[in-house]
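Worksheet for the structure shown next.
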Amino acid sequence: MKIVVCVKHVPDIQADRELGPDHRMVRDGGDGTINELDENALEAAARIAEAADDPDDVEVVVVTVGPDDAEDAARRGLQLGADAAVHVLDDAVAGSDVFATATVLAAAIRRVGDVDLVLTGMAGLDGLTSLLPATLADLLELPALTLAADLTVADGEVTVRRDLDHATEVLAAPLPALVSVTDRANEPRYPNFQAIMAARKKPVETWALADLDLDPATVGESGSRTAVLTAAPRPPRTDRVLVTGGEDAGRELAGWLIEQGLVREGDR
């Protein structure tokens, strides 16, 4: 069985993020990291391998797309149990939106070949569109089981549980298939020293668009369906009310809520 896990290198969510003059996210601040939600996908792959009758029959391949720093995300995937890693690196990819990125990932997955299961996180913490899993599944012509809070693989079929606001769904599809997992699916492991050292010895293959038989015009800004036309920093809030601790803090807060009409008469 071959599993591909798609991972992304993103700016640290705790750091200040901004768009540059070209309206692209600034990614060269040196504080990038693997997309946190992709670690749930990596953990899901590792557990599938561990649960197999013969773990050696399961191969996990990490695929990432991005500039030089994106290799760090691939390395992290190796630390978390992946057997191999691929980094698609090509200047023409810069400026790709989610649709163009999915085009590159789909071509890379086809080149990996004989893939039984594609796993992704439920969203990228830079764009937060959650569009890539379904878009990628469409390009690969695979069934898409998205937002899985749990998944199992058995007898050539993947089954997932999806937790909605007022219901729980159980969905199943024959392999090959694509599954995006939520942060509730598992608790990603922390790699031990042995795993970190082993990952250093594993190569990360670097592929260009030419290796994927992709026309540069189909990716980057020219191949994107969306574009940022204008952007401005969020203005600072000026309407905040700060209520500090003290004997009268509760009364002050209640008085402000009443003045704003946020407390109904019957609630007073």
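Key figures for this structure:
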{"quantity": "Gaussian network model of the chain, springs between alpha carbon atoms under 10 Å - residue of Gly246, Gly124, Gly81 with greatest fluctuation", "calculated": "Gly246"}
{"quantity": "Exposure proxy order (Cβ contacts within 10 Å, fewest to most) of Thr238, Thr206", "calculated": "Thr238, Thr206"}
{"quantity": "Phi-based couplings in Hz for region 196-211 (Karplus 6.51, -1.76, 1.60; Gly and Pro marked x)", "calculated": "5, 5, 5, 5, 5, 8, 8, x, 10, 6, 10, 10, 9, 4, 4, 5"}
{"quantity": "Positive-end extreme of charge dipole, the chain - chosen from Leu164, Leu262, Pro188 (charges on Cβ)", "calculated": "Leu262"}
{"quantity": "Where only C-alpha atoms are counted, convex hull volume of region 90-159 per residue in Å³", "calculated": "94 Å³"}
{"quantity": "Potential extension, Val170-Arg200 segment - 0.36 nm per residue separation minus Cα distance", "calculated": "6.9 nm"}
{"quantity": "Cα pair distances of the chain binned at 5 Å [whole percent]", "calculated": "1, 5, 11, 15, 16, 13, 10, 8, 6, 4, 4, 3, 2, 0, 0"}
{"quantity": "Per-residue Cβ neighbour rank within 10 angstrom, fewest leading, Glu247, Glu43, Glu205, Glu252", "calculated": "Glu247, Glu252, Glu205, Glu43"}
{"quantity": "Peptide ranges 172-182, 58-68 listed from the most packed, as the mean C-beta count within 10 angstrom indicates", "calculated": "58-68, 172-182"}
{"quantity": "Charge dipole (debye, nearest 20) of region 2-218; +1 at Cβ of Lys and Arg, -1 at Cβ of Asp and Glu", "calculated": "180 debye"}
{"quantity": "Of Ala94, Gly245, Ala45, farthest towards positive along the dipole that unit charges on Lys, Arg, Asp, Glu beta carbons give the chain", "calculated": "Gly245"}
{"quantity": "Distance between modelled label sites at Asp22 and Ala208, nm, 7 Å Cα→Cβ extension", "calculated": "1.8 nm"}
{"quantity": "Cβ-defined net charge surrounding Val86, 9 Å radius [Lys, Arg +1; Asp, Glu -1]", "calculated": "0"}
{"quantity": "Length added when fully stretched, Glu50-Leu242, from 0.36 nm per residue minus Cα-Cα", "calculated": "64.0 nm"}
{"quantity": "Using θ = phi - 60° and Karplus 6.51 cos²θ - 1.76 cosθ + 1.60, couplings along region 41-47 (whole Hz; Gly, Pro as x)", "calculated": "5, 5, 5, 4, 5, 4, 6"}
{"quantity": "Part-to-part distance (alpha-carbon centres) for region 106-133 and region 197-268, which is given in Å", "calculated": "22 Å"}
{"quantity": "Residue-by-residue Karplus 3J(HN,Hα) for region 3-13, coefficients 6.51, -1.76, 1.60, Hz, glycine and proline x", "calculated": "10, 9, 10, 8, 10, 9, 8, 10, x, 4, 5"}
{"quantity": "Built amide H within the under 5 Å cut-off of Asp150, gap 5+", "calculated": "Arg161"}
{"quantity": "Ascending count of other beta-carbon atoms within 10 Å, so fewest first, for Met25, Met197, Met122", "calculated": "Met197, Met25, Met122"}
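Here, each number is a calculation from the coordinates, and none is a lab measurement. In this text the structure is predicted, and so the values were computed from the model without any measurement. As a convention, Cβ positions derive from the backbone with ideal geometry for all residues, glycine included, and neighbour counts pool all protein chains shown.
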